[in-house]
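Remarks on the structure that follows.
The values are calculated or read from the model by the stated rules, or taken from the named source; none is laboratory data. These figures come from a predicted structure and were not determined experimentally. When we count neighbours, we look across all protein chains shown, and the Cβ atoms used for this are built from the backbone with ideal geometry, even at glycine. SASA here: full protein model, heavy atoms, side chains in, ligands and nucleic acids out. Shrake-Rupley method; radii C 1.70, N 1.55, O 1.52, S 1.80 Å.
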Amino acid sequence: MNFVGEHILSVAQLNRADVEEIFAVADKMTPFAHRERITRVLDGAVLCNLFFEASTRTRLSFGTAFNLLGGSVRETTDVGSSSIVKGESLKDIARVVSGYSDVIVMRHSIDGAVAEFAESSRSPVLNGGDGSNEHPTQALLDLYTIQKELNARKKDLDGLRIAMIGDLKYGRTVHSLIKLLTLFRNIRVHLVAPPDLNMPETMIAELHRVGHEVQHFEQLEQGVQAVDVLYVTRIQEERFSFDAEASEYKGLFRINQAVYSQHCQPDTVIMHPLPRDSREDAQELSVDLDSNPNLAVFRQSDNGLIVRMALFALILDVVNKVEDHSTPVGWFTDVRKWD
Ligand code: NCD
């Protein structure tokens, strides 16, 4: 696809070549994310982040990605402080905000709300997560991470074996990731979830349509065996009608070092879109895995920055101008330690 000026609302817009193009541009962004080079290529451009639902890393990484390309960021961070509470329609907000910004990122609690908003926006809109529907940029950074981790283990995306664990019904990140996996070959997916939180049938049908192998597991210990990647998810309590219902499932599946050592292959990559729920009753991903080198969750969140930089560069048509508008190093020293 030609990304210039396009909305990114669903991964269904992308084919394999598009995904590979995004990943190639993301690789080019790494020196800028690591402050080895500085670019001002988006000098004068404005991103508006409209986050009508809780977020830390998605909002900050979109904003930081834009800043690292030289652009400015404006944002609203909750429904309570926006004119939505005065009854303003998405259509009106889109007309207004697209007059202020070159690109917009929006997160909303209702499935399809970002697409509805985009219809009335004059600027390109990126979906930062809409209800339990999709989270396309998260799935792209997840797949980018999977590819990097597999390559480091002399494996490839084609032939991937992945276990998706937890709330597969409401988790929008796994919904988008499943769709991206249909672009690759010979994949085996273990769906590890209680029957009531299983992946929607339409998405399982997508996997079957392209010939991928799908297996269902209700026991964690069985589902995590013989896979390259564990993709753990949080019970999406905010999507349940009653808190009590969510509590039934919290803590049902817990990945910790003991489960990993006993049941997983020794180089299995451990992923999670984050946030992990560290409260006593949940703990789907134990902190005792933090010293396990196969825990990729923070490499995953770091990758969010370069993948989002790549999307902005593609949409605003500056991929080939980034270098020309850059200087070798910043004026300050990057004192952080990168993996
Ligand atoms: C996810 C989301 O918002 O869907 N978080 C994120 O963006 N990294 C996953 C979650 O909240 O569980």
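Of everything in region 34-55, what is closer than 26 Å to Phe332 by Cα and assigned to a loop (DSSP other than H, G, I, E, B)? Give them in sequence order. His34, Arg35, Glu36, Arg37, Arg40, Val41, Leu42, Asp43, Gly44, Ala45, listed by residue number.
What do you reckon, is Met203 under 18 Å from the mean Cα position of the chain (by Cα), among the aliphatic types (A, V, I, L, M) and open to solvent by 20 Å² or more (accessible area, probe 1.4 Å)? Yes; evaluated as a whole, the condition is true for this residue. Set side by side, the residues Gly80, Gly63 differ, and just one is of a type outside the set (Phe, Trp, Tyr), out of contact with any Leu (no Cβ under 6 Å at 6 or more places or on another chain), within 14 Å of the ligand (Cβ to nearest atom) and in a helix (DSSP H, G or I), which is Gly63. Scanning region 253-264 for any residue that is touching an Asp or Glu at 6+ places or on another chain (Cβ under 6 Å) and not in a loop (DSSP other than H, G, I, E, B) turns up at least one such residue. Taking only pairs six or more apart or across chains, which ones have beta-carbon atoms under 7 Å, a first residue in region 209-234 that is in contact (Cβ under 8 Å) with a residue 24 or more places away in the chain and within 16 Å of the ligand (Cβ to nearest atom), and a second residue that is open to solvent by 40 Å² or more (accessible area, probe 1.4 Å) and part of a loop (DSSP other than H, G, I, E, B)? Between residues of region 209-234 that are in contact (Cβ under 8 Å) with a residue 24 or more places away in the chain and within 16 Å of the ligand (Cβ to nearest atom) and residues that are open to solvent by 40 Å² or more (accessible area, probe 1.4 Å) and part of a loop (DSSP other than H, G, I, E, B), the close pairs are Arg234/Pro275; Arg234/Arg276. In this structure, is Ala12 in contact with a helix residue (DSSP H, G or I) (Cβ under 7 Å, 6 or more places away or on another chain), open to solvent by 70 Å² or more (accessible area, probe 1.4 Å) and in contact (Cβ under 8 Å) with a residue 24 or more places away in the chain? Yes; evaluated as a whole, the condition is true for this residue. Of all residues in region 86-120, those satisfying the criterion of being open to solvent by 20 Å² or more (accessible area, probe 1.4 Å) and within 15 Å of Glu6 (Cβ to Cβ) are Asp102, Ala115, Glu119.
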